1. List the pairs whose first member sits in the stretch 30-49 and is among the basic types (K, R), whose second member is assigned to a loop (DSSP other than H, G, I, E, B) and exposed (fewer than 12 other Cβ atoms within 10 Å of the Cβ), and whose Cβ atoms are under 9 Å apart, counting only residues at least 6 apart or on separate chains?
2. Name the residues in the stretch 42-79 that are within 14 Å of D90 (Cβ to Cβ) and among the polar types (S, T, N, Q), would you?
3. State all residues of the stretch 76-92 that are in a helix (DSSP H, G or I) and in contact with an Asp or Glu (Cβ under 8 Å, 6 or more places away or on another chain); if no residue qualifies, say none.
4. Go through the stretch 33-75 and report how many residues are part of a helix (DSSP H, G or I) and either in contact with a Leu (Cβ under 6 Å, 6 or more places away or on another chain) or of a type in the set (A, V, I, L, M, F, W, C) (or both).
5. Show the residue pairs meeting these rules: Cβ distance below 6 Å; 6+ apart or different chains; first residue within the stretch 87-116 and closer than 13 Å to H39 by Cα; second residue among the basic types (K, R).
6. Before we move on, is L99 surrounded by 13 or more Cβ atoms within 10 Å (Cβ to Cβ), touching a strand residue (DSSP E or B) at 6+ places or on another chain (Cβ under 6 Å) and outside any helix (DSSP H, G or I)?
7. When the residues of the stretch 64-88 are filtered to those that are within 15 Å of the chain's Cα centre (by Cα) and buried (at least 16 other Cβ atoms within 10 Å of the Cβ), which remaining residue is farthest from E113 (Cα to Cα)?
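Each value in this text was obtained by applying a stated rule to the coordinates, not by laboratory testing. Note that the coordinates shown come from a computational prediction; the quantities given were computed from them, not determined experimentally. Using ideal geometry, Cβ is built from the backbone for each residue, glycine included, and neighbour counts are taken over all protein chains shown.
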Amino acid sequence: MPVDSSTNGSQSDGLLEEVSDQKISLKQRSEGRWPEVTHLKYNDEGKVNLNSQQSHIQTILWTAIAEMHKYLAFKNAYPNLLEKQCVSSDILLAAAKGLEHKKCQNICERLQEDSKYV
């Protein structure tokens with residue numbers, strides 16, 4: 001018996017959209033309790049694009065990326081997973097603290113309190 005592939009394809013597409021929507025809604029729920037200035041913008045696939053972010057978040061991230069490059073070049077080119085997580089967190093926090101702006105203070109608080117944000 002022939003199978004109508006157009007029906008199966010649309011069902012599959014619908015499931016993928018549903019899973020993607022669930023990922024995004026979970027992220028949005030965790031962001032709901034934080035000020036909007038700390039919210040990240042996600043694409044349709046649930047990933048974060050640097051250039052889609054608010055300008056103060058972009059500035060923090062670009063600063064943190066530059067500092068991470070320095071760390072990898074001059075201190076430890078091959079950090080283990082735990083060290084990489086700790087250093088990344090410290091660098092992001094330092095980048096946010098380095099910008100004297102109210103929006104960045106909110107981000108500092110979120111970086112310190114919300115482990116999933118890092």
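1. So the pair list comes out as K41/N49.
2. Within the stretch 42-79, T63, N76 qualify.
3. Going residue by residue through the stretch 76-92, those that are in a helix (DSSP H, G or I) are 81-92.
Hit for the stretch 76-92 is I91, nothing else.
4. Going through the stretch 33-75 one residue at a time, the tally reaches 13.
5. C108/K97
6. In short, no.
7. Restricting to residues being within 15 Å of the chain's Cα centre (by Cα) and buried (at least 16 other Cβ atoms within 10 Å of the Cβ), the top hit is A64.
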